[in-house]
Amino acid sequence: MKVEVVGDGNDSYYRIEKILSRYDIKNVIFQIEDLIAMTSIVDFVSNCKCYVYPVLHSSPLCYVKKYYSWREYITSPRFVAQYLKMVFYYRPTHLKCFKSLTDKYGFICVSQQAKRELCNLLRLPFNNEKVKYIYNPIIPETDDTSVENTEKENIIVYAGTLSPEKRPLLMLKMWKAIYQD
């Protein structure tokens, strides 16, 4: 197996084209993180005579909403600025990217709920064939999917990056408030 690193330099599109040609790649799966950047890359790869499969590995709502408490908005102008930027820049831009990618290539979501969210955002019927969903193939080693009781009553499991947009500290604060009640 060979890994090719493209990077984000001025020659990145040229390097992508050379890799696609060198290995005679005809199908490319894109896991979408940055919708704005990825839309132009997907279009470029499609123009290289490749079939592209955009995959959204999170909820579409993450791209069009900011989730902060009203207390955060009131106490910090930073949150107000972020909210306004989301409403007036990111939301319309991301909706435009979602629509463009869906119209041209379709979209693969990681769950039925993510498909429902994307179809609702784009005002598409749920049975739209351009938006599909495929669950992550997590297969238990045994048929027993029950969870054994442990001596510990309260367990928090978090799987994800510790990035601000995932809000792990907010999750812990909420857990503390629930636990105290």
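The values are calculated or read from the model by the stated rules, or taken from the named source; none is laboratory data. Since this is a predicted model, take the numbers as computed values, not measurements. Don't worry about glycine lacking a Cβ; one is built from the backbone with ideal geometry, like all the others, and counts go over all protein chains shown. The accessibility values were calculated without ligands, DNA or RNA, using every heavy atom of the protein model including side chains. Shrake-Rupley method; radii C 1.70, N 1.55, O 1.52, S 1.80 Å.
The packing ranking of peptides 97-107, 170-180, highest mean first, is 97-107, 170-180, where packing means the average number of other beta carbon atoms within 10 angstrom of each residue. With a 1.4 Å probe rolled over the protein heavy atoms of all chains, the accessible area of Glu33, Glu17, Glu117 falls in the order Glu33, Glu17, Glu117, largest first.
In the structure shown, the pairs Lys85/Lys130; Lys65/Lys173; Lys132/Lys173 are assessed against 25 Å; a Cα-Cα span above that value is assigned to Lys85/Lys130; Lys132/Lys173. Count neighbours as other Cβ atoms within 10 Å of each site's Cβ, and list the trypsin sites (Lys or Arg not before Pro) in region 2-88 that are DSSP loop with at most 12 such neighbours. Sparse-neighbourhood loop trypsin sites (Lys or Arg not before Pro): Lys2, Lys26, Lys49. Between Lys104 and Tyr14, take the C-beta separation as r, use R0 = 22 Å, and let me know the FRET efficiency to the nearest 0.05. For Lys104 and Tyr14, the calculated efficiency is 0.45.
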